[in-house]
Amino acid sequence: TGTILNKALGSKSSSLSNDEIIRGLKEALTIGTDSSAKRLNKADGFFANAAIKILMPEEAKKAEKTLRQFGMGSLVDKAILSMNRAAEDAAGGISTIFWDAIKGMTLTDGLSILRGGDFAATEYLKKTTTAQLTEKMRPIIEASLSKVNATQYWKDVFTAYNKLSKTPVNTDLSAYVTERSLTGVFYSVGQEEQKIRKDPAAQVTGLLKKVFGGN
C-alpha cells in the first residue's frame with residue numbers, strides 16, 4: 001500500500017491536485033476525529049483501554065498504596081472508575097472543535113503534514129486545538145465529575161489518606177482529568193490516523209482511496 005507522501009510528492013506523474021490533497025487530508029481528519037469521539041464517548045471508552053485509562057496522579061500514588069494497605073482499596077477503585085467515566089462523558093463534545101481546526105487547514109498546513117511523520121496530522125490538531133479543547137472540556141469535565149460522583153469519591157480518598165499521613169495531597173481534580181482526557185483523545189486520533197494511512201480497509205471513501213493509495 002502506498003502512502004499519501006509517496007502519492008503526493010514521490011511521483012511527477014501523480015494525478016493528485018493540491019485541492020484533492022487538502023480535501024483528502026480534511027476528510028481523513030474528520031473521519032479520524034469523529035471515530036475517536038464516538039469510541040471514547042461510551043462506557044469503558046477510557047476505562048477499558050490500558051493505553052489511555054486515567055489512573056491516580058503521580059503525587060497520589062503514595063496515597064493509593066497506603067489506602068490499599070489499610071483495606072480501603074475500594075475507595076481508590078471508585079475514584080479511578082469515576083475519573084474515567086467523566087472523561088468518557090466529556091468526549092462527546094470534542095468533534096466540533098476539531099471540525100473548526102480541520103476547516104481552517106491551509107495548503108501550507110497540508111503540505112507540512114505530508115512532509116511530516118506518521119502522526120503529523122495528529123500533531124497539527126494538537127497544536128491548533130489543545131488550548132480550545134482544554135477551555136471547552138474543563139467545565140464539561142467538572143460537570144461530569146460531579147455527575148458521576150467523582151468529586152465525592154476523590155474527597156473520600158484524600159480525607160481517609162490525610163488522616164493517615166503528615167503530608168496531605170491536594171491535587172486539582174478537574175485540571176488533572178482534563179489533561180489526561182486530552183492525552184487520551186490525541187492518542188486515539190493518532191491511532192485512527194495510522195489506520196487511514198496504512199490500512200486500505202480504513203480508506204472508506206473514493207477520495208481517501210485515491211489520496212492514501214488504497215486502490
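The values are calculated or read from the model by the stated rules, or taken from the named source; none is laboratory data. Note that the structure is predicted; figures quoted are calculated from it, not measured. Cβ: placed from backbone, ideal geometry, glycine included. Neighbour counts: every protein chain shown.
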Filter pass, I141 being among the β-branched types (V, I, T), modelled with pLDDT of 95 or more and within 17 Å of A175 (Cβ to Cβ): no
Candidate set: the range 26-47, residues that are at pLDDT 90 or above and basic (K, R); chosen: the one surrounded by the most Cβ atoms within 10 Å (Cβ to Cβ): R39
Some residue of the range 48-62 being buried (at least 18 other Cβ atoms within 10 Å of the Cβ), modelled with pLDDT of 90 or more, over 15 Å from V185 (Cβ atoms) and not aromatic (F, W, Y): yes
Filter result for the condition that a residue is surrounded by fewer than 23 Cβ atoms within 10 Å (Cβ to Cβ), touching a residue at least 40 places away in the same chain (Cβ under 8 Å) and of a type in the set (D, E), over D118, D109: D118
Those residues of the range 63-102 which are more than 22 Å from A51 (Cα to Cα) and of a type in the set (A, V, I, L, M), in sequence order: A63, L67, M72, L75, I97, A101, I102
Number of the condition not met by K210 [criteria: (1) farther than 25 Å from K61 by Cβ; (2) modelled with pLDDT of 85 or more; (3) surrounded by 14 or more Cβ atoms within 10 Å (Cβ to Cβ)]: (2)
Qualifying residue in the range 144-167 (condition: among the acidic types (D, E), assigned to a helix (DSSP H, G or I), more than 15 Å from the chain's Cα centre (by Cα) and buried (at least 17 other Cβ atoms within 10 Å of the Cβ)): yes
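Within the group R68, R23, which residue is more than 27 Å from E142 (Cβ to Cβ), modelled with pLDDT of 90 or more, surrounded by 14 or more Cβ atoms within 10 Å (Cβ to Cβ) and more than 21 Å from the chain's Cα centre (by Cα)?
When all the criteria are applied, what remains is R68.
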Selection count where residues are crowded, with 20+ Cβ neighbours inside 10 Å and farther than 23 Å from P139 by Cα, scope the range 76-104: 2
